1. What is the distance, in nm, between label points placed 7 Å from the Cα along the Cα-to-Cβ direction at Asp22 and at Leu79?
2. Stretched out fully, how many nm does the piece from Asp93 to His43 gain, at 0.36 nm a residue minus the Cα gap?
3. What is the packing order of peptides 48-56, 88-96, taking the mean over residues of other C-beta atoms within 10 Å and listing the highest first?
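Computed from the coordinates by the stated procedures, all read-outs in this text should not be read as laboratory data. Predicted, not measured: the structure shown is a model, and the values here were computed from it. Note that each Cβ is placed from the backbone with ideal geometry, even for glycine, and that neighbours are counted across all protein chains shown.
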Amino acid sequence: MSEQNVPDSDEKAGLPAPSVSDLLRELIAFVSERSKTEIGKAHERGRHQLEVRQLRKDRSKRLEKLGREVVALVDAGELSHPGVSSRIGHIKDLDLRIQGLLADEDVPAFEGEE
């Protein structure tokens, strides 16, 4: 039997064949809806990453402030611990080296440096 004589399922049901414009409309609607969904997901991921980044930044600033407070407490003699004292010694050595390099080169200090 020839395949040309076999009617399509739409023709069997008595439904008209969809036109190219109808198919194109359906495709555009599908792509549009899918795009909206993916944009929503990307927006949510971006918001989440921004929140995590801000929390990490806040944490770093608090650790930095804590470090400055510990140095001040050690300098004032209110806190003493061998591990803390050795690390503060390293920090002070680095500060001296930075100051020496800045004095030698006449390079302006970065904003926030003392």
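1. Placing both labels 7 Å along Cα→Cβ, they lie 7.6 nm apart.
2. Details: separation 50, 0.36 × 50 = 18.00 nm, distance 4.61 nm.
Additional length available on full extension: 13.4 nm.
3. Working: 48-56: 10.0, 88-96: 11.6.
Going by the mean number of other Cβ atoms within 10 Å, highest first, we get 88-96, 48-56.
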